[in-house]
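Encoded as structure tokens, the structure appears first; notes follow it.
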Amino acid sequence: MYDYFLGGKDHFAVDREAAEAINAISPDAKDLARANREFLGRSVRHLIDQGVTQFLDLGAGLPTRDNVHEVALRHARDSRIVYVDNDPMVLVHARAILADNPSTIVTEGDLRDPGWITGHPEVRAHLNFDEPIAVLMVAVLHFVTDDGEARRLVAEFRDAVVPGSHLVISHMSPGEAAGDALAAGREIYEKSSSGGIAFRTHEEVLSLFDGFELCEPGLVRISDWRPDHPAAEAPATPSGGAIGLAGVGRLDS
Ligand SMILES: C[S@@+](CC[C@H](N)C(=O)[O-])C[C@H]1O[C@@H](n2cnc3c(N)ncnc32)[C@H](O)[C@@H]1O
């Protein structure tokens with residue numbers, strides 16, 4: 001569905017139908033997907049400016065334009081990237097594209113099992129856990145619908161990395177969407193392979209950063225997080241629908 005929203009070619013009829021059903025409720029879904037992708041690129045550039053060159057990208061998604069490794073390697077040639085996803089189709093595409101890229105590995109894993117990912121021999125061989133790591137959870141945590149489980153897994157990743165590491169989150173939030181529109185959206189995602197979606201409030205997403213110091217400008221709409229071109233990226237008018245929130249936190253000692 002996300003690939004369809006981004007204008008990609010790697011989706012099935014069932015994905016298109018579900019994505020169009022979301023579009024009918026939330027006509028700016030495509031804009032949100034693109035804005036999310038742009039946020040991802042800006043956050044990677046910010047992390048490299050902070051001296052972080054190791055990336056653990058959880059729920060990495062299908063390779064598309066300006067993937068994490070491309071942005072990172074463009075700005076820091078010694079960057080190392082681990083892509084993790086639990087969708088077999090994503091893994092096939094990612095491995096095909098990255099087969100001959102020594103900076104990057106692709107691992108099958110479920111972010112609900114942090115210990116398995118951070119203890120995976122290939123992950124540990126590729127990333128140095130004694131140095132800061134950027135843990136990316138971009139447009140994925142809302143698929144973990146249980147609040148306690150979302151908090152627990154973020155805390156487990158936090159405890160696996162050293163001070164100076166960063167957490168990047170973008171997350172769907174109700175915004176001004178009406179209750180019945182959110183319920184209809186939830187129903188579509190419940191029938192999809194993601195199994196559901198949680199639209200968390202600003203306060204709820206903020207609580208996921210427990211133990212991290214939020215970088216400026218804090219937890220904001222995705223297009224408002226350090227925009228390259230503020231005027232061009234800001235939506236002309238608020239849609240009245242669900243929104244995406246984004247933030248980057250730094251783990252201090
Ligand atoms: C909307 S895409 C986001 C892709 C990318 N992070 C981005 O923001 O452009 C969500 C991805 O998360 C993956 N995903 C969903 N639940 C997951 C889980 N529990 N563990 C690992 N990956 C998951 C999906 O397979 C999908 O590829």
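Where a number appears in this text, it was derived from the coordinates with a stated rule and is not lab data. Model, not experiment: these values are computed from the prediction. Here Cβ is always computed from backbone atoms with ideal geometry, including for glycine, and neighbour counts include all displayed protein chains.
General observations
- Sequentially through segment 193-201, phi angles give Karplus couplings (6.51, -1.76, 1.60; θ = phi - 60°) of 5, 6, x, x, 9, 10, 8, 9, 6 Hz, Gly and Pro residues having no value and appearing as x.
- Close amide H partners of Arg80, meaning residues 5 or more places away or on another chain with modelled amide H under 5 Å apart, are Gln54, Phe55.
- Computed helical MRE - 222 nm, the chain, DSSP H runs ≥ 4 contributing -39500 (n - 2.57), nearest 500: -12000 deg cm²/dmol
- When Phe55, Phe129 are sorted by how many other C-beta atoms sit within 10 angstrom of their C-beta, beginning with the fewest, the order is Phe129, Phe55.
- Paramagnetic label zone (point 7 Å from Cα along Cα-to-C-beta, Phe12; backbone N under 13 Å) in segment 188-228: 192-194
- Contour excess over end-to-end distance, with Cα ends at Asp49 and Glu131 and 0.36 nm allotted per residue: 28.0 nm
- With 0.36 nm allotted per residue and the present C-alpha distance subtracted, the Trp116-Thr64 stretch has 16.1 nm of extension available.
- Gain in span if fully extended, Glu20 to Glu156, counting 0.36 nm per residue against the direct Cα distance: 45.4 nm
- Of the trypsin sites (Lys or Arg not before Pro) found in segment 166-203, those in coil by DSSP whose Cβ has at most 16 other Cβ atoms within 10 Å are Lys191.
- DSSP bridge orientation in the chain - percent antiparallel, rounded to nearest 5: 40
- Fraction in percent of alpha-carbon pairs per bin - 5 Å, the chain: 1, 6, 14, 19, 21, 18, 13, 6, 2, 0
- Distant-in-sequence amide H partners of Thr107 (H built 1.01 Å from N, under 5 Å): Tyr83, Val84, Asp85
- Residue order, fewest to most surrounding Cβ atoms within 10 angstrom, among Tyr83, Tyr2: Tyr2, Tyr83
- Hydrophobic long helices, here whole DSSP H runs in the chain with Kyte-Doolittle means of at least -1.0 and Cα atoms spread over 24 Å or more along the helix axis, are found at 29-49.
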